[in-house]
Amino acid sequence: MREFVFHDRDFERIRDMIYRRAGIALSPAKKDMVYSRLARRLRARGLSAFSDYLALLEQGDAQEWEAFINALTTNLTAFFREPHHFEILARHVAAHPHCRPVRLWCAACSTGEEAYSLAITMMEVFASYTPPVSILATDVDTHALAKGRAGVYAQEQVAKLSAERVRRFFVKGPATQPGSMQVRDELKALIRFVPLNLLDRVWSVRGPFDAIFCRNVMIYFDKDTQYRILQKFAPMLAPHGLLFAGHAENLTHAADLFQPCGRTVYAPVTPGRRPGRAQPAIDGPLGRRFSA
(Lines give C-alpha, C1' and ligand atoms only; values in the text may rest on other atoms or scores of the structure.)
Protein backbone atom coordinates (compact mmCIF):
# COMPACT_ATOMS: atom_id res chain seq x y z
CA MET A 1 0.00 0.00 0.00
CA ARG A 2 1.35 3.39 -0.97
CA GLU A 3 2.16 6.02 1.60
CA PHE A 4 0.39 8.76 -0.37
CA VAL A 5 -2.84 8.96 -2.33
CA PHE A 6 -1.87 8.88 -6.02
CA HIS A 7 -4.68 8.64 -8.56
CA ASP A 8 -4.37 8.14 -12.32
CA ARG A 9 -5.67 11.68 -12.76
CA ASP A 10 -2.77 12.94 -10.62
CA PHE A 11 -0.29 11.18 -12.87
CA GLU A 12 -1.94 12.63 -15.98
CA ARG A 13 -1.72 16.13 -14.49
CA ILE A 14 1.97 15.56 -13.76
CA ARG A 15 2.58 14.38 -17.33
CA ASP A 16 0.92 17.51 -18.65
CA MET A 17 2.79 19.84 -16.26
CA ILE A 18 6.28 18.48 -16.95
CA TYR A 19 5.60 18.50 -20.68
CA ARG A 20 4.47 22.13 -20.67
CA ARG A 21 7.27 23.30 -18.39
CA ALA A 22 10.25 21.18 -19.53
CA GLY A 23 9.13 19.43 -22.72
CA ILE A 24 9.57 15.98 -21.17
CA ALA A 25 7.11 13.41 -22.54
CA LEU A 26 6.53 10.82 -19.81
CA SER A 27 5.17 7.48 -20.94
CA PRO A 28 2.50 5.66 -18.89
CA ALA A 29 5.22 3.20 -17.86
CA LYS A 30 6.86 5.97 -15.79
CA LYS A 31 4.06 6.13 -13.23
CA ASP A 32 5.92 4.27 -10.47
CA MET A 33 9.09 6.26 -11.12
CA VAL A 34 7.14 9.52 -10.83
CA TYR A 35 5.54 8.40 -7.58
CA SER A 36 8.89 7.41 -6.09
CA ARG A 37 10.64 10.66 -6.98
CA LEU A 38 7.85 13.05 -6.05
CA ALA A 39 6.93 11.25 -2.81
CA ARG A 40 10.07 12.82 -1.34
CA ARG A 41 8.69 16.26 -2.13
CA LEU A 42 5.39 15.46 -0.40
CA ARG A 43 7.31 14.42 2.72
CA ALA A 44 9.42 17.58 2.57
CA ARG A 45 6.30 19.76 2.32
CA GLY A 46 4.30 17.82 4.90
CA LEU A 47 1.55 16.82 2.45
CA SER A 48 -0.53 13.64 2.40
CA ALA A 49 -1.84 13.50 -1.18
CA PHE A 50 -0.55 14.26 -4.64
CA SER A 51 -3.58 16.41 -5.34
CA ASP A 52 -2.44 18.77 -2.58
CA TYR A 53 1.08 18.84 -4.00
CA LEU A 54 -0.13 19.62 -7.51
CA ALA A 55 -2.36 22.38 -6.16
CA LEU A 56 0.76 23.88 -4.57
CA LEU A 57 2.49 23.90 -7.95
CA GLU A 58 -0.50 25.42 -9.67
CA GLN A 59 -0.44 28.25 -7.15
CA GLY A 60 2.90 29.22 -8.71
CA ASP A 61 5.40 28.25 -6.00
CA ALA A 62 8.63 28.97 -7.94
CA GLN A 63 10.88 27.10 -5.51
CA GLU A 64 8.72 23.99 -5.66
CA TRP A 65 8.55 24.14 -9.46
CA GLU A 66 12.34 24.01 -9.48
CA ALA A 67 12.31 21.02 -7.12
CA PHE A 68 9.60 19.35 -9.26
CA ILE A 69 11.67 19.62 -12.44
CA ASN A 70 14.84 18.53 -10.66
CA ALA A 71 13.05 15.45 -9.31
CA LEU A 72 11.82 14.33 -12.73
CA THR A 73 15.04 15.01 -14.64
CA THR A 74 17.20 11.98 -15.41
CA ASN A 75 20.92 12.72 -15.04
CA LEU A 76 22.68 9.78 -16.67
CA THR A 77 26.14 10.84 -17.79
CA ALA A 78 29.82 9.92 -17.63
CA PHE A 79 33.24 11.24 -18.58
CA PHE A 80 33.92 10.79 -22.32
CA ARG A 81 30.62 9.04 -22.93
CA GLU A 82 30.46 8.13 -26.64
CA PRO A 83 34.21 8.78 -27.02
CA HIS A 84 34.18 9.01 -30.82
CA HIS A 85 32.50 12.42 -30.49
CA PHE A 86 35.44 13.88 -28.62
CA GLU A 87 37.88 12.48 -31.18
CA ILE A 88 35.85 14.10 -33.99
CA LEU A 89 35.67 17.40 -32.10
CA ALA A 90 39.43 17.38 -31.45
CA ARG A 91 40.27 16.88 -35.14
CA HIS A 92 37.66 19.40 -36.21
CA VAL A 93 38.97 22.15 -33.93
CA ALA A 94 42.61 21.38 -34.81
CA ALA A 95 41.79 21.68 -38.52
CA HIS A 96 40.05 25.07 -38.25
CA PRO A 97 42.39 28.00 -37.46
CA HIS A 98 40.69 30.51 -35.18
CA CYS A 99 41.17 34.24 -34.82
CA ARG A 100 38.93 34.16 -31.74
CA PRO A 101 38.51 31.75 -28.83
CA VAL A 102 36.86 28.44 -29.64
CA ARG A 103 33.31 28.47 -28.27
CA LEU A 104 31.56 25.27 -27.26
CA TRP A 105 28.09 24.78 -25.78
CA CYS A 106 27.29 21.77 -23.66
CA ALA A 107 23.48 21.87 -23.61
CA ALA A 108 21.90 19.58 -20.99
CA CYS A 109 25.24 19.26 -19.21
CA SER A 110 23.81 17.36 -16.21
CA THR A 111 26.39 17.04 -13.41
CA GLY A 112 29.31 18.30 -15.48
CA GLU A 113 31.14 15.22 -16.71
CA GLU A 114 30.48 16.04 -20.37
CA ALA A 115 31.55 19.67 -19.99
CA TYR A 116 34.79 18.67 -18.28
CA SER A 117 35.40 16.06 -20.99
CA LEU A 118 35.15 18.88 -23.53
CA ALA A 119 37.59 20.98 -21.50
CA ILE A 120 40.09 18.10 -21.24
CA THR A 121 39.81 17.50 -24.99
CA MET A 122 40.56 21.14 -25.73
CA MET A 123 43.56 21.20 -23.38
CA GLU A 124 44.91 18.17 -25.22
CA VAL A 125 44.29 19.75 -28.64
CA PHE A 126 46.09 22.96 -27.71
CA ALA A 127 48.65 21.21 -25.45
CA SER A 128 47.96 23.79 -22.77
CA TYR A 129 46.13 24.21 -19.48
CA THR A 130 45.00 27.62 -20.74
CA PRO A 131 43.69 26.99 -24.28
CA PRO A 132 41.82 29.75 -26.16
CA VAL A 133 38.49 28.08 -25.40
CA SER A 134 35.23 29.06 -23.75
CA ILE A 135 32.65 26.43 -22.76
CA LEU A 136 29.04 27.18 -21.85
CA ALA A 137 27.36 24.41 -19.82
CA THR A 138 23.60 24.62 -19.31
CA ASP A 139 20.91 22.45 -17.77
CA VAL A 140 17.40 22.77 -16.40
CA ASP A 141 18.35 20.85 -13.22
CA THR A 142 19.85 23.34 -10.74
CA HIS A 143 21.07 20.60 -8.38
CA ALA A 144 23.00 18.98 -11.23
CA LEU A 145 24.52 22.34 -12.15
CA ALA A 146 25.71 22.88 -8.59
CA LYS A 147 27.50 19.54 -8.67
CA GLY A 148 29.04 20.46 -12.01
CA ARG A 149 30.36 23.75 -10.66
CA ALA A 150 31.91 21.98 -7.69
CA GLY A 151 33.68 19.49 -9.96
CA VAL A 152 33.98 16.81 -7.26
CA TYR A 153 33.38 13.19 -8.26
CA ALA A 154 33.49 9.80 -6.59
CA GLN A 155 36.46 7.58 -7.36
CA GLU A 156 34.33 5.21 -9.44
CA GLN A 157 33.20 8.09 -11.67
CA VAL A 158 36.77 8.70 -12.85
CA ALA A 159 37.81 5.04 -12.80
CA LYS A 160 37.36 4.57 -16.55
CA LEU A 161 39.67 7.46 -17.40
CA SER A 162 43.28 6.66 -18.22
CA ALA A 163 45.80 7.03 -15.41
CA GLU A 164 47.46 9.82 -17.42
CA ARG A 165 44.27 11.84 -17.70
CA VAL A 166 43.57 11.44 -13.99
CA ARG A 167 47.10 12.61 -13.18
CA ARG A 168 46.93 15.60 -15.50
CA PHE A 169 43.43 16.84 -14.83
CA PHE A 170 42.37 15.80 -11.31
CA VAL A 171 43.51 16.38 -7.76
CA LYS A 172 42.47 14.81 -4.47
CA GLY A 173 38.96 15.78 -3.44
CA PRO A 174 37.98 17.66 -0.28
CA ALA A 175 38.39 16.03 3.13
CA THR A 176 34.62 16.17 3.59
CA GLN A 177 34.27 13.68 0.72
CA PRO A 178 36.84 10.93 1.40
CA GLY A 179 38.06 9.10 -1.68
CA SER A 180 36.72 11.71 -4.08
CA MET A 181 38.56 13.40 -6.93
CA GLN A 182 38.28 17.04 -7.97
CA VAL A 183 38.91 18.58 -11.38
CA ARG A 184 41.79 21.03 -11.62
CA ASP A 185 40.97 24.72 -11.30
CA GLU A 186 42.19 25.27 -14.87
CA LEU A 187 39.36 23.07 -16.12
CA LYS A 188 36.79 25.00 -14.09
CA ALA A 189 38.13 28.26 -15.51
CA LEU A 190 37.11 27.22 -19.04
CA ILE A 191 33.48 26.48 -18.16
CA ARG A 192 30.51 28.64 -17.20
CA PHE A 193 27.60 26.71 -15.69
CA VAL A 194 24.26 28.44 -16.27
CA PRO A 195 20.64 27.32 -15.75
CA LEU A 196 18.67 27.10 -18.98
CA ASN A 197 15.42 25.45 -19.99
CA LEU A 198 15.56 24.48 -23.66
CA LEU A 199 11.81 25.08 -23.82
CA ASP A 200 12.13 28.75 -22.87
CA ARG A 201 10.82 31.02 -25.62
CA VAL A 202 13.95 33.18 -25.43
CA TRP A 203 17.38 31.78 -24.56
CA SER A 204 19.98 33.81 -22.71
CA VAL A 205 22.59 32.33 -25.04
CA ARG A 206 24.35 33.99 -27.96
CA GLY A 207 26.31 32.32 -30.73
CA PRO A 208 28.21 31.57 -32.75
CA PHE A 209 29.47 28.26 -31.37
CA ASP A 210 32.02 26.00 -33.01
CA ALA A 211 30.16 22.99 -31.63
CA ILE A 212 27.03 22.24 -29.64
CA PHE A 213 26.73 19.03 -27.66
CA CYS A 214 23.08 18.15 -26.99
CA ARG A 215 23.21 14.43 -26.38
CA ASN A 216 20.68 12.01 -24.95
CA VAL A 217 18.17 14.70 -24.07
CA MET A 218 16.12 14.91 -27.28
CA ILE A 219 14.83 11.39 -26.60
CA TYR A 220 12.71 12.87 -23.80
CA PHE A 221 10.95 15.29 -26.20
CA ASP A 222 8.37 14.59 -28.87
CA LYS A 223 9.23 15.33 -32.52
CA ASP A 224 7.55 18.74 -32.59
CA THR A 225 9.46 19.88 -29.51
CA GLN A 226 12.70 18.51 -30.93
CA TYR A 227 12.19 20.43 -34.16
CA ARG A 228 11.54 23.72 -32.34
CA ILE A 229 14.76 23.30 -30.37
CA LEU A 230 16.75 22.37 -33.47
CA GLN A 231 15.40 25.48 -35.22
CA LYS A 232 16.99 27.55 -32.48
CA PHE A 233 20.25 25.57 -32.47
CA ALA A 234 20.91 26.04 -36.19
CA PRO A 235 21.60 29.82 -36.17
CA MET A 236 23.69 29.42 -33.01
CA LEU A 237 26.36 27.49 -34.92
CA ALA A 238 29.23 29.02 -36.84
CA PRO A 239 29.23 28.13 -40.59
CA HIS A 240 31.70 25.31 -39.91
CA GLY A 241 30.03 24.34 -36.60
CA LEU A 242 28.89 20.86 -35.62
CA LEU A 243 25.97 19.56 -33.60
CA PHE A 244 26.56 16.36 -31.62
CA ALA A 245 23.51 14.21 -30.76
CA GLY A 246 23.15 11.10 -28.62
CA HIS A 247 23.61 7.53 -29.85
CA ALA A 248 19.85 6.86 -29.76
CA GLU A 249 18.89 10.08 -31.53
CA ASN A 250 18.60 11.02 -35.19
CA LEU A 251 17.60 14.25 -36.86
CA THR A 252 15.99 12.92 -40.03
CA HIS A 253 12.83 14.87 -39.24
CA ALA A 254 14.89 18.08 -39.39
CA ALA A 255 16.74 17.43 -42.67
CA ASP A 256 16.01 21.01 -43.73
CA LEU A 257 18.04 22.22 -40.74
CA PHE A 258 20.85 19.70 -40.26
CA GLN A 259 22.66 17.19 -42.43
CA PRO A 260 24.62 14.17 -41.16
CA CYS A 261 28.40 14.27 -41.34
CA GLY A 262 29.39 11.41 -39.07
CA ARG A 263 27.94 9.03 -36.50
CA THR A 264 25.32 11.21 -34.74
CA VAL A 265 27.22 14.33 -35.81
CA TYR A 266 25.45 17.01 -37.87
CA ALA A 267 26.26 20.19 -39.74
CA PRO A 268 23.76 23.01 -40.31
CA VAL A 269 22.16 23.30 -43.73
CA THR A 270 23.24 26.70 -45.01
CA PRO A 271 20.94 28.93 -47.10
CA GLY A 272 21.11 28.14 -50.80
CA ARG A 273 22.61 24.71 -50.28
CA ARG A 274 20.41 21.66 -50.56
CA PRO A 275 20.66 19.10 -47.76
CA GLY A 276 23.23 16.42 -48.43
CA ARG A 277 25.96 14.55 -46.65
CA ALA A 278 28.47 17.09 -45.37
CA GLN A 279 32.06 16.24 -44.56
CA PRO A 280 33.58 18.13 -41.64
CA ALA A 281 37.33 18.33 -41.21
CA ILE A 282 37.72 15.30 -38.97
CA ASP A 283 40.80 13.68 -40.48
CA GLY A 284 43.43 16.18 -39.40
CA PRO A 285 45.93 15.80 -36.54
CA LEU A 286 44.78 15.83 -32.93
CA GLY A 287 47.18 18.63 -32.09
CA ARG A 288 50.53 18.88 -30.32
CA ARG A 289 51.48 16.35 -27.68
CA PHE A 290 50.29 17.42 -24.25
CA SER A 291 52.96 17.34 -21.57
CA ALA A 292 52.57 18.17 -17.89
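Assorted remarks:
- From Arg100, Arg91, Arg81, residue being within 17 Å of Ala245 (Cβ to Cβ), of a type in the set (Lys, Arg) and surrounded by fewer than 21 Cβ atoms within 10 Å (Cβ to Cβ): Arg81
- Of the set (1) open to solvent by 10 Å² or more (accessible area, probe 1.4 Å); (2) over 23 Å from Gly241 (Cβ atoms), all apply to Val183 but (1).
- One residue from Arg206, Arg215 being buried (at least 18 other Cβ atoms within 10 Å of the Cβ), of a type outside the set (A, V, I, L, M, F, W, C) and part of a loop (DSSP other than H, G, I, E, B): Arg215
- Pairs, first of a type in the set (Asp, Glu) in segment 64-90, second surrounded by fewer than 20 Cβ atoms within 10 Å (Cβ to Cβ) and part of a helix (DSSP H, G or I), C-beta under 7 Å, six or more apart: Glu64/Leu56; Glu64/Leu57; Glu66/Thr142
- In segment 215-239, the residues that are charged (D, E, K, R) reach residues that are in a helix (DSSP H, G or I) with C-beta atoms within less than 8 angstrom, at least six apart or across chains, in these pairs: Arg215/His85; Arg215/Glu114; Lys223/His253.
- Among the residues of segment 48-67, those that are within 19 Å of Asp8 (Cβ to Cβ), touching a helix residue (DSSP H, G or I) at 6+ places or on another chain (Cβ under 9 Å) and among the aliphatic types (A, V, I, L, M) comprise Ala49, Leu54, Leu57.
- Within segment 144-166, the residues that satisfy the criterion of being within 24 Å of Ala67 (Cβ to Cβ), of a type outside the set (A, V, I, L, M) and open to solvent by 30 Å² or more (accessible area, probe 1.4 Å) are Lys147, Arg149.
- Total residues in segment 7-55, condition within 22 Å of Leu199 (Cα to Cα), without any contact (Cβ under 8 Å) to a residue 60 or more places away in the chain and not in a helix (DSSP H, G or I): 2
- Some residue of segment 285-292 being modelled with pLDDT of 60 or more and buried (at least 18 other Cβ atoms within 10 Å of the Cβ): no
- Whichever residue in segment 111-128 is open to solvent by 10 Å² or more (accessible area, probe 1.4 Å) and part of a loop (DSSP other than H, G, I, E, B) and, among such residues, is nearest to Ala95 (Cα to Cα): Ala127
- Cβ pairs under 7 Å, 6+ apart, first in segment 146-172 and in contact (Cβ under 8 Å) with a residue 12 or more places away in the chain and more than 18 Å from Glu124 (Cα to Cα), second of a type in the set (Val, Ile, Thr) and outside any helix (DSSP H, G or I): Lys147/Thr111; Gly148/Thr111; Gly151/Val183
- Of all residues in segment 129-143, those satisfying the criterion of being in contact (Cβ under 8 Å) with a residue 60 or more places away in the chain and surrounded by fewer than 21 Cβ atoms within 10 Å (Cβ to Cβ) are Tyr129, Leu136, Thr142, His143.
- As a summary of the residue check, Thr225 satisfies the conditions (1) in contact with a strand residue (DSSP E or B) (Cβ under 8 Å, 6 or more places away or on another chain); (2) assigned to a helix (DSSP H, G or I) except for the one numbered (1).
- Residue in segment 25-46 that is surrounded by 17 or more Cβ atoms within 10 Å (Cβ to Cβ) and under 26 Å from Ala115 (Cβ atoms) present: no
- Test: residue in segment 80-102 that is touching a helix residue (DSSP H, G or I) at 6+ places or on another chain (Cβ under 8 Å), in a loop (DSSP other than H, G, I, E, B) and not β-branched (Val, Ile, Thr): yes
- Only one entry of Arg206, Arg201, Arg192, Arg215 meets the criterion of being within 25 Å of Met122 (Cα to Cα) and more than 16 Å from the chain's Cα centre (by Cα), and that entry is Arg206.
The values are calculated or read from the model by the stated rules, or taken from the named source; none is laboratory data. If you're wondering where the values come from, they're calculated on a predicted model, not measured in any experiment. Counting neighbours? That spans all protein chains shown, and the Cβs are built from the backbone with ideal geometry, glycine included. Areas reflect the complete protein model, heavy atoms only, side chains present, ligands, DNA and RNA absent. Shrake-Rupley method; radii C 1.70, N 1.55, O 1.52, S 1.80 Å.
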